[in-house]
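The values are calculated or read from the model by the stated rules, or taken from the named source; none is laboratory data. Given the structure is predicted, the values throughout are model-derived calculations rather than measurements. Because the Cβ atoms are built from the backbone with ideal geometry, glycine has one as well, and the counts that use them run over all protein chains shown. Note: accessible area is taken over every heavy atom of the protein model, side chains too, but ligands, DNA and RNA are not part of it. Shrake-Rupley method; radii C 1.70, N 1.55, O 1.52, S 1.80 Å.
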Amino acid sequence: MSRLRILDMGCGNGVYSRMLAGGGGGLGARLYGMVNVDAAGPLDALLTGAGPHGVDIDTGWGLPLKRYSGFDDQPARGGVSRKARQNLGRDLRKADAAGVTARTTDAGGPDLDTFVSLARTTAAKYDNADHSSALALTDDFRFHYGAVGYAQEDTPGYSPFYVSYAHVMREAWASGRSRVELGRRNPTFKRRYGPEPRTLRAYVADVAVVAAVADL
């Protein structure tokens, strides 16, 4: 049976081009699957030109950070409705009045087990706690925010999800990256607050084909 490796292309084409250089023999696979390839990006064009056919699998959301001066500038200039801006501002004021604080730490410091528990709770819609936790990753060019865990029970009057979003987005601008990636789910919220959709594709190809476009 042929061996298949699935590579997530969402974290930067350069990383994977180095992995595939020289035919990808180091990974020991004959077939390679690439998922979350931006349909409007350079890798999609190279893969398509080499022969593999991409299949649309999902929608990703993100923002070019350099288009705006910061998080406080983006809602007004990014087409966010007045009502949505007011709702977010009200949640931030109520959280501030309640004494909510935000802390940013590196991957070695935070309680990752607590984060995972909260994130799973959020996804499954059960259990409760008194705080929220968000996880962000960075590469050389992009800030990735695709996971958050929170509980509503002990935060009356404001949404910990919205408050977390605002703090993480401010951190995205502070990081100096050129783009923020905001995952693939919750499209209603993302349409409301300005992130832009992108079609994501998947490819499966023989190693020999992928090696032809490895030097990106």
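List every residue pair whose Cβ atoms lie under 7 Å apart, where the two residues are 6 or more positions apart in sequence or sit on different chains, the first residue falls within the range 123-145 and is surrounded by fewer than 18 Cβ atoms within 10 Å (Cβ to Cβ), and the second residue, located anywhere, is in a loop (DSSP other than H, G, I, E, B) and modelled with pLDDT of 70 or more.
Thr138/Ser175; Thr138/Arg177; Phe141/Arg177; Phe141/Ser178
Kindly provide the set of residues from the range 149-170 that are of a type in the set (D, E, K, R) and modelled with pLDDT of 70 or more, ordered by number.
Scanning the range 149-170 gives a single hit, Arg170.
Among the residues of the range 165-187, how many are open to solvent by 40 Å² or more (accessible area, probe 1.4 Å) and touching a Lys or Arg at 6+ places or on another chain (Cβ under 8 Å)?
The qualifying residues number 3.
Could you figure out which of (1) modelled with pLDDT under 90; (2) among the aliphatic types (A, V, I, L, M); (3) open to solvent by 30 Å² or more (accessible area, probe 1.4 Å) isn't true of Val210?
(3)
Of everything in the range 28-51, what is at pLDDT 80 or above, in contact with a helix residue (DSSP H, G or I) (Cβ under 6 Å, 6 or more places away or on another chain) and not in a strand (DSSP E or B)? Give them in sequence order.
Leu43
Could you pull out the residue among Gly54, Gly25, Gly79, Gly62 that is of a type outside the set (D, E, K, R), open to solvent by 20 Å² or more (accessible area, probe 1.4 Å) and modelled with pLDDT of 85 or more?
Gly79
Answer yes if at least one residue in the range 67-74 is in a helix (DSSP H, G or I) and surrounded by 16 or more Cβ atoms within 10 Å (Cβ to Cβ), and no otherwise.
For the range 67-74, residues in a helix (DSSP H, G or I) and surrounded by 16 or more Cβ atoms within 10 Å (Cβ to Cβ): present.
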